[in-house]
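*Asks:* First the structure, which I've put down as structure tokens, then a few questions once you've had a look.
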Amino acid sequence: MRRMPAAKAIRIREPGGPEVLEVGEIEVSNPGPTQVLVEVSAAGLNRADCLQRRGFYPAPPGVPADVPGLEFAGVIESVGDSVEAWKPGDRVMGIVGGGAMATRLVTEAAELMPIPEGLTFDEAAAVPEVFLTAYDAIILQGGLQKGETVLLHAVASGVGTAAIQLASVIGAESVGTSRTAHKLPRCTELGLTHAVLVEDGAFAGTVKSAVPDGVNVILDTVGAAYLAQNVQVIAKRGRIIVIGLMGGVKGELPLGLLLAKRASIHGSVLRSRSPEEKASLTKSFTEKMLGKFSTGDLKPIIDDALPMTDIQSAHERMDANKTFGKLVLSW
């Protein structure tokens, strides 16, 4: 078996601030029978990468522990013996458990998606993590349907801007919260139905004024700090999907109100799922939604595209919550 040349990669030297990130090298193996080797052009930055850098979100087993990156876009370099759906030269994008911020990576062929016609590598790198996360949470798990309403917290984030668009394309209305006033008009331009500015941590009153009967689905990236208010604004038989804990991990749950509304709360994480689960999600999104990027019904929202050597400044911007949509880094 021929030895693969070393790949450039962003390395986390030790847990800490953005200064612990540096460009280094890693060894990359040949693809196994069901895998492909991808030459990576660009990778999206996610809040999980910042948490991993700080030592709070370790990579799952089998994933490089010190190379961040959960999504990528690039070109297939080689394929495993059992791979029939892809060939060298194909433009692809996808999610991984980590290690996307490297010039080469090996991943399961079943977890890849073709880059839609008309998208650049930078644009494609802003799609997989946020759109798959939002699609899985509000549509597959939340069961959001035409005519219903979804509440999106941190609506100006990458997941939030993806969820606005997904709700719109299926005919649902959306309510979005943000602590930053100037971000809300841009969300409205994307199709957000009701914009809510969170002041002093409060949003329930404004949401109930906009949707008196309550929202059917809540996509919660905040966690404990919003738990009680989420139950206040959820509709009867509503579904709360918690995917983030920026606002804490422990909160008080008004069980009486939850029971009266017959509502449900689901916790969800994408990174640690099995390859089979990720492949199933990727297949569903590819069949139901991927074509809408070529028609313009869906689009990646990119705050900025930077060279990979600017990784420290990209993390500083995300830590400071100064982004609208995605930051993308390219080699």
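The values are calculated or read from the model by the stated rules, or taken from the named source; none is laboratory data. These numbers come from a predicted model, not from an experiment. Ideal geometry is used to build each Cβ from the backbone, glycine not excepted, and the neighbour counts take in all protein chains shown.
*Asks:* Within region 42-67, which residues are assigned to a strand (DSSP E or B) and either of a type in the set (A, V, I, L, M) or surrounded by fewer than 21 Cβ atoms within 10 Å (Cβ to Cβ) (or both)? Give the derivation first.
*Replies:* Kept after step one, since they are assigned to a strand (DSSP E or B), are these residues of region 42-67: 42-45.
If the condition is that a residue be assigned to a strand (DSSP E or B) and either of a type in the set (A, V, I, L, M) or surrounded by fewer than 21 Cβ atoms within 10 Å (Cβ to Cβ) (or both), then Ala42, Ala43, Leu45 are the ones that fit.
*Asks:* Related question: Within the set of pairs 6 or more residues apart or between chains, which connect a residue that is free of Cβ contacts under 8 Å to residues at least 12 places away in the same chain and closer than 17 Å to Pro300 by Cα inside region 180-199 to a residue that is assigned to a strand (DSSP E or B) and hydrophobic (A, V, I, L, M, F, W, C) with Cβ atoms less than 9 Å apart?
*Replies:* Filtered contacts from region 180-199: Thr188/Ala195.
*Asks:* Further question: Which of the numbered conditions does His182 fail, given that it passes all the others? Conditions: (1) closer than 25 Å to Ala124 by Cα; (2) assigned to a helix (DSSP H, G or I).
*Replies:* (1)
*Asks:* Being of a type in the set (Asp, Glu) and more than 17 Å from Val155 (Cβ to Cβ) is the filter here; which residues of region 298-321 pass it?
*Replies:* Within region 298-321, the subset of a type in the set (Asp, Glu) is 303-304, 310, 316, 319.
Residues satisfying the conditions are Asp304, Asp310, Glu316, Asp319.
*Asks:* Being part of a loop (DSSP other than H, G, I, E, B), modelled with pLDDT of 95 or more and under 20 Å from Ile138 (Cα atoms) is true for just one of Lys236, Lys299, Lys292. Which residue is that?
*Replies:* Working: Lys236 fails: part of a loop (DSSP other than H, G, I, E, B); Lys292 fails: part of a loop (DSSP other than H, G, I, E, B).
Just one listed residue meets the conditions, Lys299.
*Asks:* Right, here's the next one. Exactly one condition in (1) modelled with pLDDT of 95 or more; (2) in contact with a helix residue (DSSP H, G or I) (Cβ under 7 Å, 6 or more places away or on another chain) is not met by Ile76; state its number.
*Replies:* Answer for Ile76: the failing condition is (2).
*Asks:* Something else: Report yes if some residue within region 296-308 is closer than 17 Å to Asn46 by Cβ, surrounded by 15 or more Cβ atoms within 10 Å (Cβ to Cβ) and over 19 Å from the mean Cα position of the chain (by Cα); otherwise report no. Working first, answer last.
*Replies:* The initial filter retains those residues of region 296-308 that are closer than 17 Å to Asn46 by Cβ, namely 300-306, 308.
Filter once more, keeping what is surrounded by 15 or more Cβ atoms within 10 Å (Cβ to Cβ): 300-306, 308.
Next cut, over 19 Å from the mean Cα position of the chain (by Cα) only: 308.
Scanning region 296-308, I find at least one residue that is closer than 17 Å to Asn46 by Cβ, surrounded by 15 or more Cβ atoms within 10 Å (Cβ to Cβ) and over 19 Å from the mean Cα position of the chain (by Cα), so the answer is yes.
So that you can scan it fast, the table gives a plain yes or no per residue for (1) under 25 Å from Leu132 (Cβ atoms); (2) in contact with a helix residue (DSSP H, G or I) (Cβ under 8 Å, 6 or more places away or on another chain); (3) of a type outside the set (A, V, I, L, M); (4) not assigned by TED's automatic domain parsing to the domain that holds Thr161:
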residue: Gly191; (1), (2), (3), (4): yes, yes, yes, no
residue: Val196; (1), (2), (3), (4): no, yes, no, no
residue: Ala204; (1), (2), (3), (4): no, yes, no, no
residue: Ser209; (1), (2), (3), (4): no, no, yes, no
residue: Asn216; (1), (2), (3), (4): yes, no, yes, no
residue: Ile241; (1), (2), (3), (4): yes, yes, no, no
residue: Met246; (1), (2), (3), (4): yes, yes, no, no
residue: Leu253; (1), (2), (3), (4): no, yes, no, no
residue: Gly256; (1), (2), (3), (4): no, no, yes, no
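*Asks:* Every residue in region 254-282 that is in contact with a strand residue (DSSP E or B) (Cβ under 8 Å, 6 or more places away or on another chain), assigned to a loop (DSSP other than H, G, I, E, B) and surrounded by 14 or more Cβ atoms within 10 Å (Cβ to Cβ), please.
*Replies:* First, pick out the residues of region 254-282 that are in contact with a strand residue (DSSP E or B) (Cβ under 8 Å, 6 or more places away or on another chain): 258, 261-268, 270, 275, 278-279, 282.
Imposing the further condition that a residue be assigned to a loop (DSSP other than H, G, I, E, B) reduces the set to 262-263, 268, 270.
Those that are in contact with a strand residue (DSSP E or B) (Cβ under 8 Å, 6 or more places away or on another chain), assigned to a loop (DSSP other than H, G, I, E, B) and surrounded by 14 or more Cβ atoms within 10 Å (Cβ to Cβ): Ala263, Ser268, Leu270.
*Asks:* Identify, please: which residue in region 1-41 is assigned to a loop (DSSP other than H, G, I, E, B) and of a type in the set (Lys, Arg) and is, among those, surrounded by the most Cβ atoms within 10 Å (Cβ to Cβ)?
*Replies:* Kept after step one, since they are assigned to a loop (DSSP other than H, G, I, E, B), are these residues of region 1-41: 1-6, 13-17, 27-34.
Now drop any that are not of a type in the set (Lys, Arg), which leaves 2-3, 13.
On the way: Arg2: 5, Arg3: 8, Arg13: 12.
Checked region 1-41; the qualifying residue surrounded by the most Cβ atoms within 10 Å (Cβ to Cβ) is Arg13.
*Asks:* Can you go through Ala228, Ala163 and tell me which one is at pLDDT 95 or above, within 21 Å of Leu290 (Cβ to Cβ) and not in a strand (DSSP E or B)?
*Replies:* Of the residues listed, the single one that is at pLDDT 95 or above, within 21 Å of Leu290 (Cβ to Cβ) and not in a strand (DSSP E or B) is Ala163.
*Asks:* Does Leu245 count as touching a Ser or Thr at 6+ places or on another chain (Cβ under 8 Å), surrounded by 13 or more Cβ atoms within 10 Å (Cβ to Cβ) and at pLDDT below 95? Steps first, please.
*Replies:* Numbers: touching a Ser or Thr at 6+ places or on another chain (Cβ under 8 Å): no; surrounded by 13 or more Cβ atoms within 10 Å (Cβ to Cβ): yes; at pLDDT below 95: yes.
No.
*Asks:* Could you tell me which numbered condition Ala305 fails, if it satisfies all but one of (1) modelled with pLDDT under 95; (2) within 25 Å of Thr103 (Cα to Cα)?
*Replies:* Status for Ala305: all satisfied but (1).
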